[in-house]
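Beneath this line is the structure, given in structure tokens, with notes to follow.
Derivation of every value follows stated rules applied to the coordinates shown; laboratory data play no part. All of these numbers come straight from a predicted model, not from anything done at the bench. Every residue, glycine as well, gets a Cβ built from its backbone with ideal geometry; the counts of neighbours run over all protein chains shown.
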Amino acid sequence: MSEKIKLQDKVFRVMIPAEEIDRAVDRVAEQLNERYAGRTPVFLGVLSGSFLFLSDLVRKTTFNSQLAFVKISSYEGTESTGQVKQQFGVDFDIEGRDIIIVEDIVETGHSMNYLLDHLRRKNPASISICTLFFKPDKFLYEYKVDYVALSIGNEFIVGYGLDYNQLGRNLKDIYVVDE
């Protein structure tokens, strides 16, 4: 696992291989299959980072579901700006529906807090948060992150949907800055 890549001005090395990610997605899918058996929730993918995770996750579930997407962002380069911008959102009625928000990474929680506030006003039956990566040391809120594939430290990572200035999303492994 000594493979290194360069994206713009940074060099990255493999941190989490694709096989470990796949096992983590399997675990989350099993938990969702138990909770949502016989129901038809809406998977709400947060673009752009969640697209690979959401794709793999949905294919591993055994219940009927619908897909929708929202685009929000709070990142520039490697840092969260703390300011959340919504570029487009849910354009259909979710009242009385079970919503599973699928995110690539929950770090400070600003973006998720913004999205939760927005969705709660639409009166869904339930809202669950499902994330590929969770950074508990940086998390600033009290709400529960229901399904976590992998918890990590404060590393800046790319791959499997996560990017550095829009590069690296296509990588099958997770890479970390090689310092």
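Observations
- In the set (1) 143; (2) 361; (3) 108, the label that goes with volume of the Cα convex hull per residue in Å³ computed for this structure is (3).
- Comparing Phe92, Pro124, Met112 along the charge dipole axis of segment 84-153, the residue lying farthest to the positive side is Met112, per the Cβ-charge model.
- Here the sum of -39500 (n - 2.57) over DSSP H runs of 4 or more residues, divided by the residues of the chain, equals -7000 deg cm²/dmol at 222 nm, to the nearest 500.
- Annotation: the antiparallel percentage among DSSP beta bridges lying fully within the chain is about 45.
- Taking a point 7 Å out from the Cα of His118 in the direction of its Cβ, the residues of segment 35-54 whose backbone N falls within less than 19 Å of it are 42-52, 54.
- Springs join every pair of Cα atoms under 10 Å in this Gaussian network model of the chain, and among Glu142, Glu95, Glu107 the largest mean-square fluctuation is at Glu142.
- About the Cα centre, charge dipole magnitude for the chain (Lys/Arg +1, Asp/Glu -1 at Cβ), debye: 360 debye
- Max mean-square fluctuation residue, GNM over the chain, Cα-Cα springs under 10 Å, options Gly161, Gly38, Gly49: Gly38
- Fewest neighbouring Cβ atoms within 10 Å first, the residues Phe12, Phe51, Phe63 line up as Phe63, Phe51, Phe12.
- Residues Met15, Met112, ranked from the fewest to the most other C-beta atoms within 10 Å, line up as Met15, Met112.
- Ranked Tyr114, Tyr143, Tyr175, criterion: other C-beta atoms within 10 Å, fewest first: Tyr143, Tyr114, Tyr175
- Virtual spin-label span in nm between Lys6 and Tyr141, 7 Å along Cα→Cβ: 3.9 nm
- FRET efficiency, Asp26 to Val177 (Cβ-Cβ, R0 35 Å, nearest 0.05): 0.80
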